[in-house]
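Below is one structure, written out as structure tokens; comments come after it.
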Amino acid sequence: MSKPAVEVKNLTKVFNTGNPGANVFKKGITGSYVVAVDNLSFKVEAGEVYGLIGPNGSGKSTTMKVVLGLMAPTDGSAKVFGLDAGDVRARNDIGYLPENPYFYRHLSGEETLKFYGKLCGLKGKVLKDRIDELLDMVDLEGARTRRLAGYSKGMLQRIGLAQAIIQRPGLVILDEPTAGVDPVGSRQIRDLILQLKEEGISVFLCSHLLEQVQEVCDNVGIIFKGRMRREGPLEELVSIENRYSFVLENASPKLIKEIETLVEKEKGVTITEKGNPRTTLERLFLKIAGSKDQDEV
Amino acid sequence: MTTFTETKVKIPVLSLSRVWTIAAGTMTQLVRMKTFYFLLIFAVLVAGVGYLDFRLATAASQLETIKKISFGTMDLFAWLYAIVATALLIPRDLEDRTLYTILSKPVRRVEYLVGKLLGVLILIGLSLGLMFCLCMVMLAIKHGDLVSSELIKLSSDPNITQVEIEEQIALINEQGPRKELGVAALASFLKSSVVAAMTILISTFASSSLFTIITSIFFFLIGHAHGMMTDYWLHKTEGNLVIRLATKVMKLLIPDFQLYSFSEGVVTGATIVPAVVWSMGFLTAGYLFIFLLISLMIFMYKEF
Amino acid sequence: MNGTFPKWLKIVLIFFVFGLVRSPFESSLRKQMQETRMLLPTPGHSAMAQMGQSALMGLLGGVRTLVATGYLFDSYRHFDNDDWDANRKSLLLATYLEPTVESHWVDLVWHRGINAPAWLETRSTLPEIEKRILYHEYTRDAIELGEAGLKNLPDSVEIRKQMSEVYKEKIKDPCGTARMYKEILELKNAPMYASRFYGYYLADCPGRERDAYEHLVNLYWEGKQNHLPTLLKKILTLQEELDIPMPLWIPEKDPDARKAVNRRFEKRNRILPGGIRLPW
């Protein structure tokens, strides 16, 4: 556990303009470049959930692809558990779920897991048991023989997550894991991420859905125009040091009045927000959807 | 708990089990994409050949024509299938991002390429096998019919001896279903293998399946002009250095697909020289190796 | 791969080296395959010039046999319409694409030498002189086409057989017919009947009757398998025509009489199922 799951050091990735990677021969002829990632450094410690957040085109996916060995760095390095990201052995410990994954639509959920399991060297009973375990984990037992062409987006995302962890990797890389998924599916994926964390698996995720990152990540890096702008533990980044809040339950109007009076007496202290706390729309939706499910059962 | 700290095992340069997994996946993919439907079209075509208007032909030339149409169509279907099926593989994996999930597993790029090619080759082999069987069955039926009617006709002529009847039947038998025709199917397989490997190479730098298909067909057509290029542009265009040079370059770069048309000769009854067939197999292996090597050179460092 | 040598140059170099290695190998294979007819030869320059787009595409697309078969069926259509020039053109294109396919040449000689003149014979509306000119042109063309076919297929029995038909049926030249069968006889794949036919037609060739007689009599004495009605009748006729001394005549007199004897013999030996021999 001594080595970090991901260690990116001074990573720079430069593309020639147009279509990156599409034409190897053009490199150096057009002479026009775009710096997608600029001197980026960060670490994902073993067992933690790390979120890289940033707007579209900020360099998140490029960074991820370098870590996965799908791209070579122009400068700097990326290591996975101490191995160079380009080393095929590093991918023994990586599970990857791309954004909006399209697996082979002609395969069933079970066949998909079998295919990826075999690629990771699993076979026989070990593979079969692992498939059963994963289908149960991602709640797709009922759809195991259905072809992926008939899966919803959320189901695809969950089977994608299952294939990502088929070989019990030490690191799972998720690219926009809940993009386009409904709130119920999104919650399921979030729960799965937390489950992975409980199992000691490091998670490196990229997202622009900040609330989601906030719910699951231990550490967060904010990337913008290819550069790391802020990085650190989530609690530190999001807490406002000169503010404090507490929520009371069943407090009488009299007690509230007394608290207000007490605060007013203190110089330099002001109440910036008061009233009934509101639930989020997501929580409300999930509550309704959850009770509806129960009714149907 | 994971075992990631202990998994720094050695990974072989080429794992046959991973290659096979990808090959098997490719086969399933192509079968479930219903690419095999072309076999039905072929079956209908071959069955229809027997009903063509042959009133002007002798029994032997009827069989010869049936063979030529069936085996010619088989060859055409095989190379077309090789191009289309192969062109659907890598560009599609890239478009669908399936390639990301495969290459993010401990899979070497060489394994991916070899697996894809192997999958296509096995499917081409299977389809050719099926088409060959269909041709032979059809030919056997037609041959049986023609021999019986010819026997009746010849036996009723008092001026024809038994030996001569046998001679005539032997002439018909020569055009009937013979095991030598398997070499014609083998020729089609060798040709389609080279076509598939060339298509894989093109698809490693192509931007879409359509581009891959068009470019492959273009090179395939040029590959049939080697003989013409040599005869007309290389030997007969005296003095025109540019044309001669361009012809030489083309000949060096593009495979000579015309050589693989020896299936036509086999079908029309040419004597099969085993050494030539072996040489063609050897040449095919060379093409496959070189195309795979260059594909790998491009694909190895390709960024996705 | 990021060295001083660009990757694309390495790739081109590999192609070139492989090309240089395979070129002589492929050339020798091509030669060997063309010699053994495993590979169809490249059409000649004039043939290429006369080829239509589809024929050229067939050549380039590796579907020569299919395009050639298409032309063959095209020739059938022209035959139905009595369009003899179009018929000739279609078949000729088929021979350009597949010069070593015997049946194309045979068809070409047959249509040009037999069917086209036969059609002319039935055209009562054509002036006699024009008919004669065309008739001569068709038959001469058939023989020339046959000879062109023999250049590609020197061992062909079928082309010679078809040419002999033209000589016999339309040119009415038994000497030419016999010459064709003589050529067939010299081939190692000559059919058995060629020897008899040579004798039959030689018998009709003025001045060659004695050669024909000797040839046919030799065949007769080779064995009973040759004692066929036509052969017997030819010998009997020649014996009389050439005043062959009676002691040298072949013992058989009338093939029809022999048939009658055979019929009587068969009747005598009629056997019923179960091996019961009938006495009458």
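Derivation of every value follows stated rules applied to the coordinates shown; laboratory data play no part. A quick note: this is a predicted structure, and the numbers were derived from the prediction, not measured. Neighbour counts are summed over all protein chains in view; Cβ atoms, including those assigned to glycine, are modelled from backbone coordinates with ideal geometry.
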> Which of the lysines could a cross-linker bridge to B:Lys251, judged by Cα under 22 Å and excluding same-chain residues fewer than eight apart?
Replying inline: B:Lys191, B:Lys236, C:Lys7, C:Lys10, C:Lys31
>> Give the aspartates and glutamates whose C-alpha is closer than 12 Å to that of A:Lys225, dropping any in the same chain fewer than 8 places away, or say none.
In response: A:Asp38
> What range in chain B is the longest one free of GluC sites (Glu not before Pro) that are in a loop by DSSP and have at most 16 other Cβ atoms within 10 angstrom?
Replying inline: B:1-179
> Comparing A:Glu273, A:Glu198, A:Glu176, which has the greatest mean-square fluctuation in the GNM of chain A with Cα pairs linked when under 10 Å apart?
Replying inline: A:Glu273
> Just going by the charge dipole of chain B, with Lys and Arg at +1 and Asp and Glu at -1 on Cβ, which of B:Val273, B:Ala78, B:Leu181 is farthest out on the positive end?
Replying inline: B:Ala78
> Which value results when the Cα radius of gyration for segment C:54-172 is divided by 2.2 N^0.38 Å?
Replying inline: 1.09
> Radius of gyration and Dmax for segment A:127-266's Cα atoms, expressed in Å?
Replying inline: 21.1, 69
> Leaving out same-chain residues fewer than 8 places away, which lysines sit with a Cα under 19 Å from that of A:Lys118?
Replying inline: A:Lys128, B:Lys8, B:Lys10, B:Lys105, B:Lys116
> Nearest 10 degrees, 0 to 90: what angle lies between the long axis of helix A:183-198 and the longest principal axis of chain A (Cα atoms)?
Replying inline: 80 degrees
>> For chain B, take the convex hull of the Cα atoms, compute a quarter of its surface area, and give me that in nm², please.
In response: 22.4 nm²
> Using the Kyte-Doolittle scale, which helices in chain B average at least 0.5 and also have C-alpha atoms spread 27 Å or more along the helix axis, with helices defined as whole DSSP H runs?
Replying inline: B:59-87, B:109-155, B:181-205, B:274-300
> Which value, in debye to the nearest 20, gives the size of the charge dipole of chain A about its Cα centre, when Lys and Arg are +1 and Asp and Glu are -1 at the Cβ?
Replying inline: 1080 debye
>> If the elastic network links every pair of Cα atoms under 10 Å, which of A:Lys128, A:Lys60, A:Lys265 fluctuates the most in the Gaussian network model of chain A?
In response: A:Lys265
> Cα convex hull of chain C: how many Å³ per residue?
Replying inline: 275 Å³
> Per residue of chain B, what 222 nm ellipticity follows from adding -39500 (n - 2.57) for every DSSP H run with n ≥ 4, rounded to the nearest 500?
Replying inline: -24000 deg cm²/dmol
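Under a Cβ-only charge scheme (Lys and Arg +1, Asp and Glu -1), can you give me the dipole magnitude of chain C about the Cα centre, in debye to the nearest 20?
On the way: 39 positive and 36 negative charges, 243 e Å.
It works out to roughly 1160 debye.
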> When A:Val247, A:Val35 are ordered from fewest to most other Cβ atoms inside 10 Å of their Cβ, what list results?
Replying inline: A:Val247, A:Val35
>> Using a Gaussian network model on chain B with a 10 Å cutoff between Cα atoms, which of B:Gly223, B:Gly286, B:Gly182 fluctuates the most?
In response: B:Gly286
>> With only alpha-carbon pairs counted, each pair once and no self-pairs, how large is the Kirkwood hydrodynamic radius of segment A:6-238 in angstroms?
In response: 18.3 Å
> What is the antiparallel percent of DSSP beta bridges lying wholly in the protein assembly as shown, to the nearest 5?
Replying inline: 55 percent
>> Skipping prolines and chain starts, which residues have an amide H placed within reach, meaning under 5 Å, of the one on A:Met228, given they are 5 or more residues away or on another chain?
In response: A:Ser41
> Mind checking the angle between helix C:209-222 and chain C's longest principal axis? C-alpha axes, 0 to 90 degrees, to the nearest 10.
Replying inline: 90 degrees
> In peptide C:22-32, how many Cβ atoms from other protein chains are near each Cβ within 10 Å, on average?
Replying inline: 5
> To the nearest 10 degrees, how steeply does helix A:124-137 sit against the main Cα axis of chain A, on a 0 to 90 scale?
Replying inline: 30 degrees
>> With +1 on the Cβ of every Lys and Arg and -1 on the Cβ of every Asp and Glu, and nothing else charged, how large is the dipole of segment B:1-136 about its Cα centre, in debye rounded to the nearest 20?
In response: 400 debye
